[in-house]
Amino acid sequence: MKRRTQTGIILALAVLIAVPAVGQLKVAYVNSDRIMQEYEEAREAQKKMDLEAKQLEDQYMSMTGQLDSLQRSFQQQQFVMSEERRQQKQQQIQSLQQQIQQFQMQNVGPQGQIYAKQEQILGPVLQKINTAIKKVANDGSYDYVLDSVGGNILYAEEKHNITADVLYELRRGTTSSGSSSSSQQ
């Protein structure tokens, strides 16, 4: 019983000591979806990514359409084909299936072309956004800046939302060069 009381007192003291320390933290948040929608460079980059994805999708759909056509043709004619012709068609179908799998791995797989393009197209924009967030956070003396889109915030007062400030910073163009990010750190 005495041990429980001591533990309770220690916990109470820890809470009393921690509360003033937490009160000194300055936390803000941004809405990354809004930034991506309202920042012109981000919209342009997203349009380029959408175009890249559409081209890959069109190629994929063309290949699968070709495969579907080959398979239907084979199924309809397989009983009237010679054994040699049947084997050729089956090999042709298998070859196209393998090409489709290769296409998927090379373009949308874990190391695929779409991810490389995404890094190439969106990387510089995301770097500018991050630089603007750091600048606004430093200017506002914020200890933490969170993203409300990630679902990590259960409650936040609107006065801590610095999304508009980040968009302003991006539109001003003060974060256009990579060198300003190194001077901010």
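No value in this document is a laboratory result; all are computed from the given coordinates. Quick caveat: nothing in here was measured; it's all calculated off a predicted structure. No Cβ is skipped: glycine too gets one built from the backbone with ideal geometry, and neighbour counts run over all protein chains shown.
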What is segment 25-184 by shape, rounded, prolate or oblate, if you read a ≥ b ≥ c off the alpha carbon gyration tensor as root eigenvalues and call it rounded for a/c under 1.5, prolate for a/b larger than b/c, and oblate otherwise?
-> prolate
Give me the number: length gained by fully extending Arg85 to Ile114, i.e. 0.36 nm times residue separation minus the C-alpha to C-alpha distance, one decimal in nm.
-> 6.6 nm
Could you pull out every residue, at least 5 positions away or on a different chain, whose amide H is within less than 5 Å of the one on Val145? Hs are placed 1.01 Å off N in the peptide plane, and Pro or chain starts have none.
-> Ala28
Among Thr131, Thr64, Thr163, what is the fewest-to-most ranking by other Cβ atoms within 10 Å?
-> Thr64, Thr163, Thr131
Here the FRET efficiency for Gln75 versus Gln46, based on Cβ atoms and R0 = 30 Å and rounded to 0.05, is 0.10
Relative contact order of segment 40-142, defined on C-alpha pairs under 8 angstrom at six or more residues apart (%) | 39
Nitroxide proxy distance, nm - points 7 Å out along Cα→Cβ at Glu38 and Ala164 = 0.8
